[in-house]
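Colleague: Before I ask anything, let me first share the structure, which is written out below as structure tokens.
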Amino acid sequence: PRLLIMGAPGAGKGTQSAKITEEFDIDHITTGDALRSNKQMDISDMDMEYDTPGEYMDQGELVPDAVVNAIVDEALSQANGFVLDGYPRNQEQAEELEDMTDLDLVLLLDVSEDELVHRLTGRRLDPETGDIYHVEYDPAEDPDVEERLVQRDDDTEDTVKERLRVYRENTEPVIDHYEEAGLLERVDGEQAPADVWEDVKATIEDAA
Ligand code: AP5
Ligand code: ZN
């Protein structure tokens, strides 16, 4: 399938995408992860406000469209089935995507704002495997793993607030677009991860 997963920062897009790629044997295309691996890339030739993606990301702002469009275009050209996570984030990117591929389904993970802040400030990452944990909801069992977990640079309270603002302003209008196109399915993302997964899986299977 060709899937798009949407939702606010912390809604569980990465957590659910990991399960989707495993179950349906498709690619996980995530602009956030791709940009985090290229935070220091020199984009000064684009003549934008900052010279690297990291400077935008650490403040919770969107990286320029041209940079992310190129990442997604390249990844899609190599994928058969995929789950796209973190893109499109504004109307311009949504129009670009339309020229790159069709979609079978758009999943939206619904989560309240208080819960989002709690999830993001408690999130931890395993730098070796990329696995996502949470200090309360999903702590690492293995003490060796626990010891090497790190916090994402943009998971500070101020940056989280700005990311949520950017989401409401730029990304929410894109949801309306998919709703009107009849592609959108909402899933209650505030349940426990396993219950969210059950709903996500059933929704994908129903759409096939
Ligand atoms: P990106 O990496 O896409 O971040 P985001 O959209 O803010 O989303 P997150 O990754 O924070 O949350 P998630 O929904 O994946 O949640 P997760 O599963 O980790 O983007 C980062 C930055 O890159 C942007 O700010 C921007 O600068 C730039 N960027 C990226 N794409 C761009 C684009 N297209 N255009 C321009 N700029 C772009 O879960 C969160 C936590 O909650 C974890 O700790 C997890 O364990 C826990 N959790 C998950 N599910 C549950 C549950 N059901 N119950 C309890 N806890 C849960
Ligand atoms: Zn993510």
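Please treat every number below as a calculation from the coordinates, not as lab data. For clarity, every value in this text was computed on a predicted model and none was experimentally measured. Note that we place each Cβ from the backbone using ideal geometry, even for glycine, and neighbour counts take in every protein chain shown.
Colleague: Under the classification rounded if a/c is under 1.5, otherwise prolate if a/b is larger than b/c and oblate if not, where does region 112-193 fall, given a ≥ b ≥ c as square roots of the Cα gyration tensor eigenvalues?
Modeller: Taking the square roots of the gyration eigenvalues as a ≥ b ≥ c, region 112-193 is prolate.
Colleague: Looking at the square roots a ≥ b ≥ c of the eigenvalues of the Cα gyration tensor of region 45-135, which shape do they give, rounded for a/c under 1.5, prolate if a/b is larger than b/c, or oblate?
Modeller: oblate
Colleague: For region 2-207, rounded, prolate or oblate, judged on the Cα gyration tensor with a ≥ b ≥ c (square roots of eigenvalues), a/c < 1.5 rounded, else prolate if a/b > b/c?
Modeller: rounded
Colleague: Here's something else I'd like to know. Pulled fully out, how much extra length does the chain show between Arg2 and Ala181, if you take 0.36 nm times their separation in residues and subtract their Cα-Cα distance?
Modeller: 62.9 nm
Colleague: Over the chain, what relative contact order in percent results from Cα pairs under 8 Å that are six or more residues apart?
Modeller: Computed value for the chain: 30 percent relative contact order.
Colleague: So which chymotrypsin sites (Phe, Trp or Tyr not before Pro) in region 136-193 are both in a DSSP loop and have at most 14 other Cβ atoms within 10 Å of their Cβ?
Modeller: Filter output for region 136-193: Tyr137.
Colleague: Under a plain spin-label model, where a point goes 7 Å from the Cα along Cα-to-Cβ, how far apart in nm are Asp25 and Ser44?
Modeller: Here the answer is 4.7 nm between the modelled labels.
Colleague: Place a point 7 Å from the Cα of Gln59 along the Cα-to-Cβ direction; which residues of region 155-186 have their backbone N under 13 Å from it?
Modeller: 159, 162-163
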